[in-house]
Amino acid sequence: MTEKKTTKGTIKVLSFGPYLVEGDIPLVHKTQIVSEYGEPLNWKTDEVLKTEGPYELCRCGHSLEKPFCDSTHCECDFDGIEKAPTDNFVDRQRVNESGTGIVVKSDFTLCMDSGFCGNRIANIKKMIADTAEPKVRAEIMAMIDRCPSGTYSYAMDKEGEDIEADYPVQIAVTTEITSEGPIEGSLWATGYIPVERSDGKPFETRNRVTLCNCGESKKKPLCDGTHRHIQEEALKKAKQ
Ligand code: FES
């Protein structure tokens, strides 16, 4: 068994306030790459954002200086209650051992519907039946690697360790591309950055985690995809 990875930096959830980021964690902007059919394929880094020392990232969704906090949360009736589970992926995971050369694990309490686990033809669940074909296996691995939330993970066999993509220690402010147009996505923290609740208790440290920065998730501090529904509706209405 390899040691559990952690980094020096920390993301602290401040009670009914922003995320306090300590430890010189780089902040970047990433945009989703989608196919001509709207299928999420990958991410591209567009920009490294300037930060100096510890910084605070908006959690309520109303800062005029997003991604940074401008204290608007004090005035906007922000419900910052943290409801995300504090147990571990391994305790919640479902293990699918029916594949060839791959064991797929999933925990949908982490899911924020980013869509990387499927395309217009199939999805991971269906593709497992065809993993005797290495190309299909490789595609499942790539889909799992690109999912920002870490809902899925995989091992080579039942006894094997989970294999994680080699992500950098960084936080990405994301833009998602939807059928209605580009929208603001969640914060995507990678590289085993510890996330601490406002009461000081740690969440499980994982290679990747998506954090709500719209203020509307029902499982804060995790993103649950609500930002997408809200912004897509707004874009639809604006087009009418
Ligand atoms: S950023 Fe708030 S639900 Fe996704």
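The values are calculated or read from the model by the stated rules, or taken from the named source; none is laboratory data. In this text, all values refer to a predicted model and were calculated from it rather than measured experimentally. Neighbour counts run over all protein chains shown; Cβ positions are idealised from the backbone, glycine included.
Key figures
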item	result
Cβ-Cβ under 6 Å pairs, at least 6 apart or on other chains, the range 209-226 side under 12 Å from Asp79 (Cβ atoms), far side of a type in the set (A, V, I, L, M, F, W, C) and near the ligand (Cβ under 7 Å from one of its atoms)	Cys212/Cys223; Ser217/Cys223; Lys220/Cys212
Residue match in the range 31-46 (condition: under 18 Å from Glu65 (Cα atoms) and at pLDDT 95 or above)	no
Condition met for Val90 (surrounded by 12 or more Cβ atoms within 10 Å (Cβ to Cβ) and modelled with pLDDT under 95)	yes
Enumeration of residues in the range 223-240 that are exposed (fewer than 12 other Cβ atoms within 10 Å of the Cβ) and among the acidic types (Asp, Glu)	Glu233
Subset tally (residues that are touching a residue at least 40 places away in the same chain (Cβ under 8 Å), in a loop (DSSP other than H, G, I, E, B) and surrounded by 13 or more Cβ atoms within 10 Å (Cβ to Cβ)) for the range 102-139	11
Top-ranked residue of the range 6-37 - restricted to ones that are of a type in the set (Gly, Ala, Ser) and loosely packed, with under 13 Cβ neighbours inside 10 Å, ranked as nearest to Asp145 (Cα to Cα)	Ser35
Some residue of the range 2-24 being within 17 Å of the chain's Cα centre (by Cα), modelled with pLDDT of 95 or more and not in a strand (DSSP E or B)	no
Count of the range 41-94 residues which are outside any strand (DSSP E or B) and within 15 Å of the ligand (Cβ to nearest atom)	18
Residue match in the range 118-137 (condition: among the small types (Gly, Ala, Ser), touching a Ser or Thr at 6+ places or on another chain (Cβ under 8 Å) and within 16 Å of the ligand (Cβ to nearest atom))	no
Verdict on Thr174 being among the polar types (S, T, N, Q), crowded, with 18+ Cβ neighbours inside 10 Å and touching a helix residue (DSSP H, G or I) at 6+ places or on another chain (Cβ under 8 Å)	no
Single residue of Gly61, Gly115, Gly53 found to be closer than 19 Å to Ser198 by Cα, of a type outside the set (A, V, I, L, M, F, W, C) and out of contact with any helix residue (DSSP H, G or I) (no Cβ under 6 Å at 6 or more places or on another chain)	Gly61
Verdict on Ser149 being small (Gly, Ala, Ser), farther than 27 Å from Gln231 by Cβ and surrounded by 17 or more Cβ atoms within 10 Å (Cβ to Cβ)	no
Spans of strands (runs of 3 or more DSSP E) in the range 149-240 with at least 1 residues within 16 Å of the ligand (Cβ to nearest atom)	170-178, 181-190, 208-211
Test: residue in the range 116-133 that is within 24 Å of the chain's Cα centre (by Cα), polar (S, T, N, Q) and at pLDDT 95 or above	yes
